[in-house]
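One structure below.
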Amino acid sequence: MGRVTVELLVVSPMSSAPKPRLKILHVASEIAPHAKVGGLADVVSALTKTMPELGHETRAILPKYGFLEPNNNWEALPDPLAVHLGHGEVAIAQLWHVPHGKGTIVMVDYESHYGGDTVYWFNKDNCPRYAFLCRAVIDYCHKYQWFPDVIHCHDWHSGLVPVYLNTTEVPYRLHRSASLMTIHNMQHQGETDVATLTYANLPESCRHEAGLLQGGKLNMLKAGLTHATKLSTVSSNYAREIQTEPYGCGLDPLLRRRAQDLRGILNGIDTQTWNPATDPFLPANYNVDDLSGKARCKEALQTALGLEQNPTVPVFGTIARLFEQKGLDLLVEIMDGLMQDMAIQVAVLGSGDPKLETAFRDFASRYPGRIGCYIGYNAQLSHIVEAGSDFFLMPSRFEPCGLNQMYSMAYGTLPIVRETGGLADSVEQYDAQLNKGSGFLFREISGHALYHTIGWACQVYYDEPEAFLELRKRAMRQDLSWEHSAGLYHDLYLWAVDTRLRGLGYLAPNTPAPFTLPKIPAV
Ligand code: ADP
């Protein structure tokens, strides 16, 4: 067994206490701003940027999708990467290094998997594409002799990486790397034919390992959750929920078995991108002490979505992938009632289920000036919806963390959310008596509950303007940045490294960790 401690330690110039400096590698399918479909991209981006601030060397590896155009900041690495697949097949990929804050993105350029103009393929199996990425991670580390202390795997796309670390990598240095598997959404698990394991050059024995299979298929998320050193998800509440049958999507028994290794860390928001005081997408900036710019944003939103110009009517905005998870079918259910009973405007930005898209388009034509919608993806408009609305609707059936409710609070737009997952962890119920809260929550998954909560918010807006303003300012004053969460990830990384090295016998049972091991409270 080799000595490892020296590699982990550098001495901080500020104090004599040794500070661990880790090599961290993120593996993911999305990173903002290059390839974004949902919140995952924002999280991977923020962690890749933030961890170097804490002294860690950080890279993120992901596909170079066909729609990405290299620019002068991109460095094409001179040697191609040989990716060692099954049956002795060797695929040749081009690599790019792209600076990302003080971190680096490694883009794997392999046309037949990643060419094309979308991140994910529709109606076609995405699993071999990401199995390829996982194999490329291993080959990259070997080729460049860059051995991470922790490989941070995000969602099912990276789920085979921990399997390599525990199987094919046993004779090599990479075996020492700890792995952290983070669940951003339990619903997507990467299920495919077991033959993908052979394609990925994993041992034959994996084809029969229960920890990798679900219903006779390879389940890439399950594989990662079985093999990773530690597990996490993006809120404590969701960490508890996914251990139960209604939220576990079939993997709750495994998560209950691994409960000791599972933690929840709420995402932060990237305050460089999402800050109303500096946001370049807005027609006017504002802050908690001077909200005048927010009125101009409301005007811009009303113009953009064809709503009647009216500064006094409350605007209820929403931005979402229009899928069942987000619960916007509940809004559809009650929309006529809302229009009849309340003086409000509704602004919808999203795309997804064609039935929902059509429903919102129909509403916009039936209630001109009162309902506006933009069906599609539009980053600039998403900032204007956040800034120009008074309330933000997020009636999700489940929500691992959710970012939009946090952007909303930062922009003084009060979230109306279902009490689930990260929504419950990040939004505090308004309490008029105690003068507390940052938004409005409801529990029941029903149009009825949503209707009444919108009614309550509307009543506060019209009848208690001072309380409303106070609530808006309280929401804006919160610290929603990554700083706190990044510190918690740092602790989780140290915990994973310690567990890995001890588990492999590189640290004897009674020897202290080569760094101060933080206390990690259970969920
Ligand atoms: P999820 O990751 O489940 O989609 P989140 O609330 O965590 O939900 O994050 C969604 C992210 O995607 C936010 O940054 C949101 O602004 C963005 N987004 C979603 N749909 C659209 C859209 N149609 N146009 C612009 N941005 C969108």
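The values are calculated or read from the model by the stated rules, or taken from the named source; none is laboratory data. Quick caveat, the model's predicted, so the values are computed rather than measured. Cβ sites come from the backbone with ideal geometry, for glycine too, and all protein chains shown count toward neighbours. Quick note on the areas: whole protein, heavy atoms, side chains included, nothing else; ligands and nucleic acids left out. Shrake-Rupley method; radii C 1.70, N 1.55, O 1.52, S 1.80 Å.
Just give me the residues in region 178-196 being away from the ligand (no atom under 16 Å from the Cβ), in contact (Cβ under 8 Å) with a residue 12 or more places away in the chain and not in a loop (DSSP other than H, G, I, E, B), in sequence order.
Hits for region 178-196 are 178, 179, 180, 181, 191, 192, 196.
Which ones in region 373-382 are more than 15 Å from residue 331 (Cβ to Cβ) and either more than 20 Å from the chain's Cα centre (by Cα) or near the ligand (Cβ under 8 Å from one of its atoms) (or both)?
The answer is 374, 376, 377, 378, 379, 381, 382.
Just checking, which of 270, 279 is of a type outside the set (Phe, Trp, Tyr) and at pLDDT 95 or above?
Result: 279 is the single residue among 270, 279 that is of a type outside the set (Phe, Trp, Tyr) and at pLDDT 95 or above.
Has region 326-347 got at least one residue that is within 16 Å of the ligand (Cβ to nearest atom), open to solvent by 10 Å² or more (accessible area, probe 1.4 Å) and closer than 29 Å to residue 478 by Cα?
Taking region 326-347 as the starting set, the residues that turn out to be within 16 Å of the ligand (Cβ to nearest atom) are 326-329, 331, 346-347.
Imposing the further condition that a residue be open to solvent by 10 Å² or more (accessible area, probe 1.4 Å) reduces the set to 326, 329.
In the following step, the residues that additionally are closer than 29 Å to residue 478 by Cα were identified as 326.
Yes, that holds for at least one residue.
Working carefully through the options 318, 278, find the one that is more than 27 Å from residue 127 (Cα to Cα), open to solvent by less than 60 Å² (accessible area, probe 1.4 Å) and among the hydroxyl-bearing types (Ser, Thr, Tyr).
318
Any idea which residue in region 24-47 is farthest from the ligand (Cβ to nearest atom), counting only those that are surrounded by 24 or more Cβ atoms within 10 Å (Cβ to Cβ) and of a type in the set (Val, Ile, Thr)?
24
For region 482-523, give me each residue that is open to solvent by 50 Å² or more (accessible area, probe 1.4 Å), among the hydrophobic types (A, V, I, L, M, F, W, C) and either closer than 19 Å to residue 151 by Cβ or out of contact with any Lys or Arg (no Cβ under 9 Å at 6 or more places or on another chain) (or both).
If the condition is that a residue be open to solvent by 50 Å² or more (accessible area, probe 1.4 Å), among the hydrophobic types (A, V, I, L, M, F, W, C) and either closer than 19 Å to residue 151 by Cβ or out of contact with any Lys or Arg (no Cβ under 9 Å at 6 or more places or on another chain) (or both), then 488, 517 are the ones that fit.
Can you run down the residue pairs with Cβ atoms below 7 Å, 6 or more apart or on separate chains, where the first is in region 200-227 and at positive phi and surrounded by 14 or more Cβ atoms within 10 Å (Cβ to Cβ) and the partner is of a type in the set (A, V, I, L, M, F, W, C) and outside any helix (DSSP H, G or I)?
Pairs that qualify, where the first residue is at positive phi and surrounded by 14 or more Cβ atoms within 10 Å (Cβ to Cβ) and the partner is of a type in the set (A, V, I, L, M, F, W, C) and outside any helix (DSSP H, G or I), are 201/85.
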